[in-house]
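Some notes on the structure that comes next.
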Amino acid sequence: MVRDSLPFRSAASFVARPFFLVILAGVIVRIIAMFLLNFDFDSNYWAMTIANMQAGHGLYGLEGYYYTPVWGYVLSLFASLQEAFLGIDVFGTRIAEILSIEAYYNGGTYLFSATSTSMWFNFWFKVPMLLCDLAVGYLIYWLVKNRGGDEKKAVLGMALWLLCPLTIIIMSVSVMFDTISVLFTLLTIALLFKERYFLGGVTFAFALLTKFFPGFLLFVLIAYILSKNRGDGTGYRKLAYAMAGFAAAFLILMLPQILDGTFAETFTFLSARTSSAENAPFLYRLQSLTAVPYFLGVLLASLVLSLRFFRKEHKDLESSFIMTCGAVIVLLFMYPCPPQYIVLFMPFVIFAMLFGDRRYMRSWILLSLGGAVLILSNNASLLTSFAYDTGWIRLESLTYVISLFQHPLFLGLSTEMLIILAGTVLQLLGLFTFAHVYLTGKKKSEAPA
Amino acid sequence: MNPRPKLDKIAALALVACLLVVAGEAVAYSGGSFEYSSSAAFGTDSVSYNVNVSGAKTYSALLTGGSIPCSHLYIYDDETYEKHYPSVRDSGVGRKNQGFAIDQISKSLNIRGFSGIEICGGSALAQRMSADLADGTASSKGLLVLSYAMPVSIYAGSPDGILMKWITAGGKLYWSGGNIGKYYTEGEELKTVDGNQELFFGKLCVNTGKDVSAYTKIDGNGVTDALTLKHNSTKFGIDIGGLADAVSFGYSGNGYASIASVKHGEGSICVIAGDYNYNQRDDIAQIVASGISWKSEIIKIDNGTAGKGSNSYSMTVPPGSGKLCLYISVGGTYIVHGGASIGP
């Protein structure tokens, strides 16, 4: 009898396996960070979103939630579980002693909040992201094995996700939910590999309604379905299954907003990214003005890459498909973006490293470091919840350190700004490195037969 | 015998993930998942109250005497807001989406059990306020102004306009529209008033400067914590120093307060400083729904954690405390319920 891909003859041998050890290490490091560090600026919005829901105004009735609904639904589920079983009575506090840090807010670069969510709140509402991180780790493991990788390679792939500084920090410090979008994107890919088109369409809708970026993969996904079924002429039928799944899921997820008239509000995220504040620095205003043309250009490039992919004969269709997805995403994120967006790119970098060219490792390192540096540039403010709830760090010390990072250091730029610039450069270098290797080492990056 | 079908782990994972999200959707929109309410009963020398919560939440109960919430709140919807805004931008008035702000404040008031809201344009508002003056009901009414100017039919910078008479007769003005009374509209024009501060407060006390920071919590009376006030700007806020019958809440900087209530005739003027945002929205809702004003005597503030289910508490009331109001808010910094109960 052939055993499954996760054989464990006894608990002891299972625990000792690298597969388990990687998971354990990933969980431990995340849990420590989940308690210790927190980006209050965003978690304050999650607390507000939950309170608005609890007050009976759904996700969009009262201001506070600016994204498509999936993350809001996850917050809702975890809020109800929390009420039923945990009893976290304090979501957060407006801390008068640190109000001065909000003065550093400048419409885009510095995001400090004196409203600090409590440590237990932070921990509990990071749990869904932790679970998603683990599920993504498993999916990478599965995808590597699916493409012919051995156990060692699959565990390495999982480790490169679970122990990646960027993914650890985004989930456990930055409190951003991009990992949910990654989960549904990888599920879509895996389900298409398994020819489960309807369900693949469903998960794609979930990915799209978590964060919008997987939407840029639409043409590649269509090209893959048609290519995969080119031989037996069932491509369009299978595509119809996927579209039906997508439409059904989209309708189910958006039904409350369609019924209560807040459908337009679910896309506030898009307009907020393209209509920056009047007071924002020049670079941010420039960014907001050029965002729409750039992303339209990426969509066009995605169409071209998809057509190329469709027309070409592939030795390994699935691996080429994954690499094409990676190429679209790297184009997408070359437009300066916050590090949490890069999380969607990481599984593709890992896949490229394991099956393509080892030089993709440089991209993984640069992106990991760049993202981590960008998030940690928030310096002492990340300790606010911990300091306030435990009393182990004086709030005055926090505001003092934060102010030190704001002092001009070089060419009128503050230490924090210099760190942000360094992180941005590292991140961009990581993306350009990927693009360079993709373009120059194309043959090598064709995945194994 | 057929072999047991092999579990498709990927499909199972996808189904579980999707179902969890849909379960969250059902919780968010089904109603009944989250329930919060409160009630109070006044005795001769005590008040007992009850807080019902579907999960543990912090609560606060603010017992005041001498001032109760208005039963009816007009919110002025300035039809000329966008037209004249460019003329006042340089004075520092922040642009707001007035319709959005009115919608958000109305909903926030609803959460706090306040439903007597009427959104009025200029002419309707003038009619309502005139009627209040005619039938002597101004003292039970409130008016929230989010615009920088009022129409000439209500206010023209003199004490004999409807607005000033209405306040003098007991009306509660909640002003969050910049330099109070500095502008009014007449026909197609925006007109400027000199001496607006003296008209409202008898002296110059409005913060028209650039420094609007407020980093010190005003906690002498305990109201800032009891109502979990959050907005910390003093832009066009007032300095109550030297003003008789005035009180401030929220946060202060350079003597100016983020929220201040001042006596004017039989009524009150409450200035809520700063530009509109969700923190200010919540503060306005808390201030209006609790009825707190310069007249309020803080009798007792209770706070703590209400456990899941029904929680009963009581307070003793000293004799001669006047008209009582118990305002309960649930959720702390993130209010999910509020409600005022009026005593005998």
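The values are calculated or read from the model by the stated rules, or taken from the named source; none is laboratory data. All values derive from a computational prediction rather than experimental measurement. Reconstructed Cβ throughout: ideal geometry from the backbone, glycine too, with neighbour counts over all protein chains shown. The protein model used for the area step is the full one, side chains on, heavy atoms only, and it has no ligands, DNA or RNA in it. Shrake-Rupley method; radii C 1.70, N 1.55, O 1.52, S 1.80 Å.
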> Across the stretch B:1-51, what is the number of residues that are in a loop (DSSP other than H, G, I, E, B), of a type in the set (A, V, I, L, M) and buried (at least 21 other Cβ atoms within 10 Å of the Cβ)?
Replying inline: 0
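Conditions (1) open to solvent by 10 Å² or more (accessible area, probe 1.4 Å); (2) touching a residue at least 40 places away in the same chain (Cβ under 8 Å); (3) not β-branched (V, I, T), marked per residue:
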| position | (1), (2), (3) |
| --- | --- |
| A:M176 | no, yes, yes |
| A:I180 | no, yes, no |
| A:L191 | no, no, yes |
| A:L251 | yes, no, yes |
| A:L255 | yes, no, yes |
| A:L259 | yes, no, yes |
| A:F267 | yes, yes, yes |
> From the list A:F121, A:F206, which residue is touching a helix residue (DSSP H, G or I) at 6+ places or on another chain (Cβ under 6 Å), open to solvent by less than 10 Å² (accessible area, probe 1.4 Å), touching a residue at least 12 places away in the same chain (Cβ under 8 Å) and of a type in the set (F, W, Y)?
Replying inline: A:F206
>> Checking A:V343 against (1) open to solvent by 10 Å² or more (accessible area, probe 1.4 Å); (2) modelled with pLDDT of 95 or more: exactly one of these is not met. Which one?
In response: (1)
> When you look at A:L398, is it in a helix (DSSP H, G or I), at pLDDT below 95 and over 20 Å from the mean Cα position of the chain (by Cα), yes or no?
Replying inline: yes
> Would you pick out the residues in the stretch A:46-68 that are closer than 21 Å to A:L208 by Cα and out of contact with any Ser or Thr (no Cβ under 6 Å at 6 or more places or on another chain)?
Replying inline: A:W46, A:T49, A:G58, A:L59, A:Y67
> Going through the stretch B:136-178 one residue at a time, which ones are of a type in the set (V, I, T) and either farther than 19 Å from B:L109 by Cα or without any contact (Cβ under 8 Å) to a residue 24 or more places away in the chain (or both)?
Replying inline: B:T137, B:V152, B:I154, B:I162, B:I167, B:T168
>> Could you check the stretch A:59-68 and list, in sequence order, the residues that are crowded, with 22+ Cβ neighbours inside 10 Å, at the interface with chain B (Cβ under 7 Å from one of its Cβ atoms) and either touching a Gly at 6+ places or on another chain (Cβ under 9 Å) or in contact (Cβ under 8 Å) with a residue 24 or more places away in the chain (or both)?
In response: A:L59
>> For the condition within 7 Å of chain B (Cβ to nearest Cβ) and without any contact (Cβ under 8 Å) to a residue 40 or more places away in the chain, what is the one hit in A:A103, A:A47, A:A51?
In response: A:A103
>> Could you tell me how many of the residues in the stretch B:136-179 are open to solvent by 40 Å² or more (accessible area, probe 1.4 Å), closer than 18 Å to B:I117 by Cα and touching a Gly at 6+ places or on another chain (Cβ under 7 Å)?
In response: 1
>> Quick test for you: out of A:A84, A:A114, pick the one residue that is over 25 Å from A:P339 (Cα atoms) and modelled with pLDDT under 95.
In response: A:A84
>> Of the residues A:L134, A:L81, A:L86, A:L77, only one is over 17 Å from B:K57 (Cα atoms), open to solvent by 10 Å² or more (accessible area, probe 1.4 Å) and more than 7 Å from every other protein chain (Cβ to nearest Cβ); which?
In response: A:L134
> Just to be sure, is B:V271 open to solvent by less than 10 Å² (accessible area, probe 1.4 Å) and either within 20 Å of B:T58 (Cα to Cα) or among the β-branched types (V, I, T) (or both)?
Replying inline: yes
>> Restricting to the stretch B:258-306, name every residue that is in a strand (DSSP E or B), touching a residue at least 60 places away in the same chain (Cβ under 8 Å) and of a type outside the set (A, V, I, L, M).
In response: B:H264, B:G267, B:S268, B:C270, B:E297, B:K300, B:D302, B:N303, B:G304, B:T305
